[in-house]
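> Below you will find the structure I want to go over with you.
The values are calculated or read from the model by the stated rules, or taken from the named source; none is laboratory data. These numbers were taken from a predicted model, which means no experiment stands behind them. Here the Cβ positions follow ideal geometry from the backbone for every residue, glycine too, while neighbour counts run over all protein chains shown. Accessible surface is based on the protein model in full, side chains and every heavy atom, while ligands, DNA and RNA are left aside. Shrake-Rupley method; radii C 1.70, N 1.55, O 1.52, S 1.80 Å.
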Amino acid sequence: MFSPLIVLTTIVFVCAPVFIAWAPYESTMGLVQKIFYFHLPSWAAMFMAAFVCGIASAVFLFKGRIMADRIAVASAELAVVFGLIGLVSGPLWARKAWGVWWQWDARLTMALVLWMIFVSYLLLRKYGGPGSEKLAAGVALFGMANVPFVYWSVNVWRTVHPTTNVVPTLVAGMSGPLWWSLVGFLLLYALAMMARVRLEEQRAELERVYRELDD
Amino acid sequence: MKVTVRRVAVLCLLLILGIGVVDTSAEEFLMQSMQTSQQDEFVPIDELEAEDQLPAAPLLVAAYSFAWLAMFVYLWSIWRRLARVERELTQLASRTTDR
């Protein structure tokens, strides 16, 4: 299961820079706009990870399924990684396009808060002590609930960030590389997710073996 | 008397026309000077001084490099953690078999 997914993800990521290079230049921003082809998919993968973490946390909280908790912790880690890529690539684009690295407006601030919620989830899991997985699951629910607000914030509040109607109005030469990159990020999410869940399973197995040895 | 009235009327007419002309030209002058000052404020990016131009390529390279690096480091960290746990499991399995 791992190998075909690794091959497919590698092919998509190796081809992505070629398609991005072929994409036409945006008329006002020029070359720097090409950051968009990794910036948007990284946030899409982050939102996906946040939703999976939130849903898995709800299943763990209300049904008590251990597997759901493993999926939640794996997805939270991925939400932090993809969010970090988005948070770093965004200011690099903004510096050229807006003239500033960062603007404390609704969209950017909410995106940062969303990312910090998942960082706090991981910190809670690591240093919260016994029972912290249930507290963390509650935090993940708030993180998931925050995602639609972050997404719609550009349409509701005044912000320097482009609105959500940019993607549907892209020309074919730009939308192709964007969707390609998006597929790549989602494949990477699936691949990393499977590996990370396997790590949690192996850790649980190790713990079980140690308990057996102690008994 | 009639001549005086006519002269005063002509003078008033000239005065009104004169004020109008002066007013219009003053307005035009003001508009022109505003436009000139506004145009002076805008400098196309390719005409800026070299040290004031912000090149896009380093920002683009930095963004993509960071994204690739973050993904590689994260995948490597999973692989390393997984390898460590599996090694420990194998060691424990061999220890229990020896018993």
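> In angstroms, what radius of gyration and Dmax does the protein assembly as shown have, counting Cα atoms only?
Gyration radius and largest Cα-Cα distance of the protein assembly as shown: 31.1, 141 Å.
> Still on this model: Loop sites only, by DSSP: take the chymotrypsin sites (Phe, Trp or Tyr not before Pro) in chain A that have at most 14 other C-beta atoms within 10 Å and name the longest stretch containing none of them.
Longest stretch, sites excluded: A:26-97.
> Related question: Helix A:36-63 against the longest principal axis of chain A: what's the angle in degrees, Cα atoms only, rounded to the nearest 10?
30
> Something else about it: Roughly how many Å² is the accessible area per residue of the range A:26-113, as a whole number, for a 1.4 Å probe?
Dividing the accessible area of the range A:26-113 by its residue count gives 38 Å².
> Hey, could you grab the Kirkwood Rh for the range A:129-215? Inverse mean 1/r over distinct alpha carbon pairs, Å, one decimal.
17.5
> Roughly how many nanometres apart are two label points built 7 Å out from the Cα toward the Cβ at residue A:165 and residue A:112?
Reported label-point gap for residue A:165 and residue A:112 is 2.9 nm.
> Using only alpha carbon pairs under 8 Å that are at least six residues apart, calculate the relative contact order of the range A:64-215 and give it in whole percent.
Reported as a whole number, the value is 28 percent.
> Bins of 5 Å, beginning at zero and ending with the bin holding the largest distance: percent of Cα pairs per bin for the range A:60-215, please.
Each 5 Å bin holds this share of Cα pairs: 2, 8, 12, 17, 18, 14, 11, 8, 5, 3, 2, 1, 0, 0.
> How big is the A/B interface in buried accessible area, both sides summed, 1.4 Å probe, to the nearest 100 Å²?
3000
> Can you give the helix-only mean residue ellipticity at 222 nm for chain A, where every DSSP H stretch with n ≥ 4 adds -39500 (n - 2.57) and the sum goes over all residues, rounded to the nearest 500 deg cm²/dmol?
So the calculated ellipticity at 222 nm is -28500 deg cm²/dmol.
> Let me ask another. Let me see the pair-distance distribution of the range A:1-86: every alpha carbon pair, 5 Å bin width, integer percents in order.
3, 14, 14, 16, 18, 13, 9, 6, 4, 2, 0
> Can I ask one more? For chain A, take the longest principal axis of its alpha carbons; what is the angle in degrees between that and the long axis of helix A:2-22, to the nearest 10 within 0 to 90?
It works out to around 20 degrees.
> Right, something else. Have a look at A:33, A:175, A:7 and report the one farthest towards the positive end of the charge dipole of the protein assembly as shown, computed about the Cα centre with Cβ charges (Lys/Arg +1, Asp/Glu -1).
A:7
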